[in-house]
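Asker: Have a look at this one before I ask anything.
The values are calculated or read from the model by the stated rules, or taken from the named source; none is laboratory data. Given the structure is predicted, the values throughout are model-derived calculations rather than measurements. Using ideal geometry, Cβ is built from the backbone for each residue, glycine included, and neighbour counts are taken over all protein chains shown. Keep in mind that these areas ignore ligands, DNA and RNA; they rest on the heavy atoms of the full protein, side chains included. Shrake-Rupley method; radii C 1.70, N 1.55, O 1.52, S 1.80 Å.
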Amino acid sequence: MGEVTVRPVARVVGGREEVRDDGWGSVAAVIRVDGTQFTEEALYGLAEFSHLEVVYHFDRVPEGKVESGARHPRGNTDWPLVGIFAQRGKNRPNRIGVSRCALVRVDGLDLHVTGLDAVAGTPVLDIKPYLAEFGPRGEVRQPAWSTELMRAYYEGGAER
């Protein structure tokens with residue numbers, strides 16, 4: 001397989017400074033689009049959408065911490081040993097994160113959002129409007145451990 005090179009289109013400004021697992025729901029941040037690559041025209045029409053899908057790079061995960069096999073999610077041995085592609089942890093092979101967040105407003109090249117689970121300074125690789133039609137079709141199935149893990153993920157927020 002060949003290599004793929006990407007260039008960030010934006011950076012996260014504000015919000016959390018440190019990486020933590022839970023309480024992302026009320027965290028407010030700004031996705032600042034790179035003005036050397038884009039003008040406000042790139043964001044025309046985006047304010048009509050309530051939510052965004054944001055693809056970003058887990059730039060604070062050292063390459064030596066990247067997982068390629070199986071592990072217990074969050075190191076919790078009460079949960080099963082599952083492969084890195086069966087979980088959404090940050091220590092992924094390409095350190096790529098995907099998040100859905102609420103779009104509060106567009107201000108020039110700044111996208112004000114809540115619920116983005118990326119810390120200040122995170123390089124953003126792509127921004128897409130969330131369309132309901134791209135959500136899952138049919139019944140969604142997931143194991144009980146993942147529901148337990150996610151229980152507090154979006155609860156709380158800025159005060160945590």
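Asker: Restricting the range 51-67 to residues that are in contact with a Lys or Arg (Cβ under 6 Å, 6 or more places away or on another chain) and in a loop (DSSP other than H, G, I, E, B), which is least open to solvent (accessible area, probe 1.4 Å)?
Answerer: V61
Asker: Further question on the same structure: Taking the range 1-42 only, how many residues are part of a loop (DSSP other than H, G, I, E, B), within 15 Å of the chain's Cα centre (by Cα), modelled with pLDDT of 95 or more and not aliphatic (A, V, I, L, M)?
Answerer: Matching residues across the range 1-42 total 1.
Asker: For the range 132-140, does any single residue satisfy the condition of being under 24 Å from L46 (Cα atoms), out of contact with any Gly (no Cβ under 7 Å at 6 or more places or on another chain), open to solvent by less than 40 Å² (accessible area, probe 1.4 Å) and part of a strand (DSSP E or B)?
Answerer: No.
Asker: Check the range 103-119 and report whether any residue there is open to solvent by less than 90 Å² (accessible area, probe 1.4 Å), free of Cβ contacts under 8 Å to residues at least 60 places away in the same chain, aliphatic (A, V, I, L, M) and in a helix (DSSP H, G or I).
Answerer: There is no residue in the range 103-119 that is open to solvent by less than 90 Å² (accessible area, probe 1.4 Å), free of Cβ contacts under 8 Å to residues at least 60 places away in the same chain, aliphatic (A, V, I, L, M) and in a helix (DSSP H, G or I).
Asker: Another question, if that's okay. Out of all the residues in the range 68-96, which are touching a strand residue (DSSP E or B) at 6+ places or on another chain (Cβ under 7 Å), modelled with pLDDT of 90 or more, surrounded by 13 or more Cβ atoms within 10 Å (Cβ to Cβ) and in a loop (DSSP other than H, G, I, E, B)?
Answerer: Result: R95, single match.
Asker: When P143 is evaluated against the numbered criteria (1) in contact with a strand residue (DSSP E or B) (Cβ under 7 Å, 6 or more places away or on another chain); (2) open to solvent by 30 Å² or more (accessible area, probe 1.4 Å), which criterion, by number, is the only one it fails?
Answerer: Failing condition for P143: (1).
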